[in-house]
1. Go through the residues of the stretch B:9-19 one by one and say whether even a single one is open to solvent by 40 Å² or more (accessible area, probe 1.4 Å), more than 12 Å from the chain's Cα centre (by Cα), aliphatic (A, V, I, L, M) and within 14 Å of chain A (Cβ to nearest Cβ).
2. The conditions are (1) among the hydrophobic types (A, V, I, L, M, F, W, C); (2) surrounded by 14 or more Cβ atoms within 10 Å (Cβ to Cβ); (3) over 16 Å from B:K42 (Cα atoms), and A:L112 fails exactly one of them. Which is it?
3. When you scan the stretch A:3-11, do you find a residue that is in a strand (DSSP E or B), of a type outside the set (F, W, Y) and facing chain B (nearest Cβ under 9 Å), even just one?
4. What is the number of the single condition among (1) within 14 Å of the chain's Cα centre (by Cα); (2) open to solvent by less than 20 Å² (accessible area, probe 1.4 Å) that A:M13 does not meet?
5. A:Q54: open to solvent by 20 Å² or more (accessible area, probe 1.4 Å), in contact with a strand residue (DSSP E or B) (Cβ under 8 Å, 6 or more places away or on another chain) and either in a strand (DSSP E or B) or in contact (Cβ under 8 Å) with a residue 24 or more places away in the chain (or both), yes or no?
6. Answer yes or no as to whether A:L27 is under 19 Å from A:P108 (Cβ atoms), touching a residue at least 40 places away in the same chain (Cβ under 8 Å) and outside any strand (DSSP E or B).
7. Hey, among B:L98, B:L62, B:L106, which residue is more than 14 Å from every other protein chain (Cβ to nearest Cβ), closer than 23 Å to B:G41 by Cα and out of contact with any Ser or Thr (no Cβ under 7 Å at 6 or more places or on another chain)?
8. Could you list all residues from the stretch A:39-51 that are at pLDDT below 90 and part of a loop (DSSP other than H, G, I, E, B)?
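The values are calculated or read from the model by the stated rules, or taken from the named source; none is laboratory data. Everything quoted here is computed from the prediction, not taken from an experiment. Counting neighbours? That spans all protein chains shown, and the Cβs are built from the backbone with ideal geometry, glycine included. Ligands, DNA and RNA are excluded from the accessible area calculation, which covers all protein heavy atoms including side chains. Shrake-Rupley method; radii C 1.70, N 1.55, O 1.52, S 1.80 Å.
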Amino acid sequence: ETGVTQTPRHLVMGMTNKKSLKCEQHLGHNAMYWYKQSAKKPLELMFVYNFKEQTENNSVPSRFSPECPNSSHLFLHLHTLQPEDSALYLCASSQGLTGQGETQYFGPGTRLLVL
Amino acid sequence: EDQVTQSPEALRLQEGESSSLNCSYTVSGLRGLFWYRQDPGKGPEFLFTLYSAGEEKEKERLKATLTKKESFLHITAPKPEDSATYLCAVQEGYTDKLIFGTGTRLQVFP
């Protein structure tokens with residue numbers, strides 16, 4: 001595997017379910033990100049982890065819970081979601097704060113549908 | 001407030017018809033401006049990073065330029081396979097945040 005991978009690619013869940021999204025990066029990076037992409041809206045940053053420490057939580061509801069066990073893996077745990085949470089969830093990684101604008105590399109995303 | 005605006009929202013071109021996409025931004029202390037290409041149902045694919053006004057980068061039929069207020073993505077003699085949504089994003093100060101525009105949906109017809 002190369003680059004950034006995400007599983008599952010598609011997920012349908014009810015509002016009472018609990019599920020997790022997984023992201024893995026094979027680029028040797030130290031920073032990982034979760035974004036939400038909804039139709040007609042810009043990508044919204046949700047969480048940032050840098051060297052396994054959460055450095056950004058962009059006012060995300062507590063029904064979304066991130067976990068970063070190491071620099072290569074990132075999870076997004078989902079529980080009691082709402083239909084408006086249906087979106088494409090994207091994971092990205094970058095080298096880790098270097099003082100200049102860092103390129104973020106994205107995975108293919110998980111298409112989530114909440115019924 | 002930091003802001004990124006892309007125009008046009010959608011663009012239809014004939015194959016070979018060159019054009020430009022615009023990304024205007026308002027940010028305090030630009031750290032980098034990024035262009036991505038996104039195909040339907042896929043994640044954004046990195047194209048270019050620009051760091052300072054006057055900088056230009058090229059890749060095949062694409063050329064990105066940067067001024068203090070905006071960036072252009074010039075597409076020369078496009079082909080149908082260039083059809084995608086092109087996203088612009090800026091990074092400001094010393095944060096980890098990328099602020100994205102809503103994108104330009106490009107369709108190139110044979």
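1. Looking through the stretch B:9-19, at least one residue is open to solvent by 40 Å² or more (accessible area, probe 1.4 Å), more than 12 Å from the chain's Cα centre (by Cα), aliphatic (A, V, I, L, M) and within 14 Å of chain A (Cβ to nearest Cβ).
2. (3)
3. Scanning the stretch A:3-11 turns up at least one residue that is in a strand (DSSP E or B), of a type outside the set (F, W, Y) and facing chain B (nearest Cβ under 9 Å).
4. The single condition A:M13 does not satisfy is (1).
5. yes
6. It is true that A:L27 is under 19 Å from A:P108 (Cβ atoms), touching a residue at least 40 places away in the same chain (Cβ under 8 Å) and outside any strand (DSSP E or B).
7. Just one listed residue meets the conditions, B:L62.
8. A:A39, A:K40, A:F51
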